[in-house]
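Enquirer: Pasting a structure below so you can have a look.
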Amino acid sequence: MKLNRRLFLGTGVAAAAALNAPVLLAAGHGKPRVVVIGGGAGGATAARYIAKDSKGEIDVTLVEPSRTYFTCFFSNLYLGGFKEIDDLGHNYGTLAAKYAINVVHDWAVDVDRDAKTVSLAGGSTLSYDKLILSPGIDFVDGAVEGWSLTSQNAMPHAYKGGSQTELLKAKIAAMPEGGIFAMVAPPNPFRCPPGPYERVSMVAHALKATNPTAKIIIADPKAKFSKQALFQEGWGDRYAGMIDWIGADFGGGNVSVDPDAMTVTIDGEVTQVDACNVIPAMKAGRIAEMAGVTDGNWAPVNAADMSSKTDADVHVLGDASQQGDMPKSGFSANSQAKVCANAVRGALTGSKVFPAKFSNTCWSLIDTDNGVKVGATYEATDEKIAKVDGFISTTGESAELRKATYEESEGWYAGITADMFS
Ligand SMILES: Cc1cc2nc3c(=O)[nH]c(=O)nc-3n(C[C@H](O)[C@H](O)[C@H](O)COP(=O)(O)OP(=O)(O)OC[C@H]3O[C@@H](n4cnc5c(N)ncnc54)[C@H](O)[C@@H]3O)c2cc1C
């Protein structure tokens, strides 16, 4: 066959297309499109990595109602007086300006998986080739008798970042001398397993300075909790006589509250309290349920790429996912987001996909310069994200080691927020 210029150009383009073109360059709409719902630890990381690494080959839209994301991580340190609220706030300006991510400040209100579209509260509709859901948590209705979302002003949960945390801090500051702070702790599984107990430590730290005769009661539906020996050692050393933990074996799961009367009833005993933090049972953020990818509570995913077990074109990250052995943490969500971003980019552009590896560390501050940690590495198996090996601080560690652990957590915070937003 004689090659004329036209045919040569044609075959050249076809060859180039075969080598370079996006695998899923869907007919009629140019670049492949990724929509990410939720601009937190999982969603912001996933959007940033896909946009950054695909260098404009993929259209990335991030849907997040808030203009400022206040991290839950380090929010306990704000309660303890170690951070200001502004230290916890991050915005999306760099994601839009540096990586051309289309940041849409709105709520996603529906997902049509057949049409591959997301409806927004503002009325617009977004089409996707791949959808990433990282909406965090919502609370299980009726989980704590007497409490509902309408009670969150009287008895804050402070388990989503921002105003709830500020409200809880104000209530602690307003407690009368010798007053009582109560916490209703959540059942497993929940966001940040050491979170309630770090919070108790930080509340005790604040009260010790301003209101040292105050008392803290924790009603807990669990018989044991994360880093228990470390927290209880710290509470005994630093806050002796202040904290009463009532676990499941002592009726801690048999609890109701009355937000109007400000009472907490634990195993039949009614206590008048001055501040109360109710952290109800949790489930995946509601949009995951509306997308039809949950089992009623959490969204089961495949460990290799965080794709939903219901729909290969929907990925679920972070707290909302049911993935196996990883705790629900910001570190976990960030780690899962990078695995997901790599897989989504591979599926859409043919780029190399690396085997999934995950890691997590949860630091907690017990008192000034007294940090502890627990962490692990994980791999993807056919069944789940499976723990490979782990580590945990031990009781009786030196003050130097505890200080170094706290400083390590400061470095981690700077690193993860840069990995999400800069
Ligand atoms: C007190 C406390 C302390 C913690 N400390 C640590 C710690 O030290 N280390 C650590 O690793 N983790 C910590 N965590 C846990 C960590 O905050 C979460 O695990 C992490 O934020 C989960 O990330 P995510 O992306 O799943 O959800 P999030 O970070 O909560 O992000 C979800 C986002 O989705 C948005 N969203 C929800 N629904 C919609 C919708 N319909 N449309 C659009 N957007 C939507 C929300 O506005 C939100 O911004 C702590 C949590 C708490 C409560």
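What follows draws every value from the coordinates through simple rules; no lab data is involved. Since the structure is predicted, the reported quantities are computational estimates derived from the model, not experimental observations. Cβ placement follows ideal geometry from the backbone for every residue including glycine, while neighbour counts extend to all protein chains displayed.
Enquirer: Quick one: would you say A312 is more than 12 Å from the ligand (Cβ to nearest atom) and without any contact (Cβ under 8 Å) to a residue 12 or more places away in the chain?
Expert: Spelling it out, A312 is indeed more than 12 Å from the ligand (Cβ to nearest atom) and without any contact (Cβ under 8 Å) to a residue 12 or more places away in the chain.
Enquirer: Can you report the number of residues in region 207-242 which are crowded, with 21+ Cβ neighbours inside 10 Å, more than 25 Å from the chain's Cα centre (by Cα), within 13 Å of I366 (Cα to Cα) and not aromatic (F, W, Y)?
Expert: The number of residues fulfilling the criteria is 1.
Enquirer: Can you tell me which residue is nearest to the ligand (Cβ to nearest atom) among those in region 265-293 that are in contact with a Pro (Cβ under 8 Å, 6 or more places away or on another chain) and under 30 Å from A204 (Cα atoms)?
Expert: Only one residue fits best here, namely I279.
Enquirer: In this structure, is P280 of a type outside the set (A, V, I, L, M), outside any helix (DSSP H, G or I) and within 19 Å of I172 (Cβ to Cβ)?
Expert: Working: of a type outside the set (A, V, I, L, M): yes; outside any helix (DSSP H, G or I): yes; within 19 Å of I172 (Cβ to Cβ): no.
Criteria not met by P280.
Enquirer: Okay, next question. Would you mind finding the one in G346, G324, G350, G296 that is within 16 Å of the ligand (Cβ to nearest atom), out of contact with any Cys (no Cβ under 8 Å at 6 or more places or on another chain), of a type in the set (G, A, S) and under 30 Å from D110 (Cα atoms)?
Expert: Just one listed residue meets the conditions, G324.
Enquirer: Could you grab me the full set of residues in region 225-241 that are within 16 Å of the ligand (Cβ to nearest atom), part of a loop (DSSP other than H, G, I, E, B) and not hydroxyl-bearing (S, T, Y)?
Expert: Passing the criteria: F225, K227.
Enquirer: Report, by residue number, each residue of region 69-93 that is of a type outside the set (A, V, I, L, M, F, W, C) and farther than 23 Å from S332 by Cβ.
Expert: Passing the criteria: G80, G81, E84, D86, N91, G93.
Enquirer: Within region 237-248, can one find any residue that is among the β-branched types (V, I, T) and closer than 23 Å to G371 by Cβ?
Expert: Yes - at least one qualifying residue is present in region 237-248.
Enquirer: Additional query: Evaluate region 319-334: report whether one residue or more is in contact with a Pro (Cβ under 7 Å, 6 or more places away or on another chain) and more than 23 Å from A418 (Cα to Cα).
Expert: Of the residues in region 319-334, the ones in contact with a Pro (Cβ under 7 Å, 6 or more places away or on another chain) are 320, 322, 327-328.
Now restrict to residues that are more than 23 Å from A418 (Cα to Cα): 322.
Checked against the condition, which is being in contact with a Pro (Cβ under 7 Å, 6 or more places away or on another chain) and more than 23 Å from A418 (Cα to Cα), region 319-334 yields at least one hit.
Enquirer: Here's something else I'd like to know. Looking only at region 208-217, which residues are hydrophobic (A, V, I, L, M, F, W, C) and in contact with a Lys or Arg (Cβ under 9 Å, 6 or more places away or on another chain)? Don't jump to the end; show me each part of the working.
Expert: First pass over region 208-217, keeping only residues hydrophobic (A, V, I, L, M, F, W, C): 209, 214, 216-217.
Residue satisfying the conditions is A214 alone.
Enquirer: Still on this structure, I have one more. Are there any strands (runs of 3 or more DSSP E) wholly within region 137-224 with 1 or more residues that are closer than 19 Å to G285 by Cβ, and if so which? Lay out the reasoning, then the answer.
Expert: On the way: elements: 137-139, 180-184, 215-219.
Qualifying strands (runs of 3 or more DSSP E): 137-139.
Yes/no per residue for (1) out of contact with any strand residue (DSSP E or B) (no Cβ under 6 Å at 6 or more places or on another chain); (2) more than 8 Å from the ligand (Cβ to nearest atom):
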residue: I50; (1), (2): no, yes
residue: T61; (1), (2): no, yes
residue: S66; (1), (2): yes, no
residue: T71; (1), (2): yes, no
residue: G81; (1), (2): yes, yes
residue: D86; (1), (2): yes, yes
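Enquirer: Contact list please: Cβ distance under 9 Å, first residue in region 358-378 and closer than 18 Å to D389 by Cα, second residue of a type in the set (V, I, T) and near the ligand (Cβ under 10 Å from one of its atoms), pairs at least six apart or on different chains.
Expert: K373/T361; V374/T361; G375/T361; A376/T361
Enquirer: Tell me which of these G415 doesn't satisfy, since it passes every other one: (1) within 16 Å of the ligand (Cβ to nearest atom); (2) touching a residue at least 24 places away in the same chain (Cβ under 8 Å); (3) closer than 30 Å to A204 by Cα.
Expert: Only one criterion is unmet by G415, namely (2).
Enquirer: Kindly check whether there is at least one residue in region 184-197 that is more than 11 Å from the ligand (Cβ to nearest atom) and more than 27 Å from G89 (Cα to Cα).
Expert: yes
For every residue, the table says whether it meets (1) surrounded by 23 or more Cβ atoms within 10 Å (Cβ to Cβ); (2) more than 30 Å from A115 (Cα to Cα).
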position: A288; (1), (2): yes, no
position: D313; (1), (2): no, no
position: K352; (1), (2): no, no
position: K357; (1), (2): no, yes
position: L365; (1), (2): yes, yes
position: K373; (1), (2): no, yes
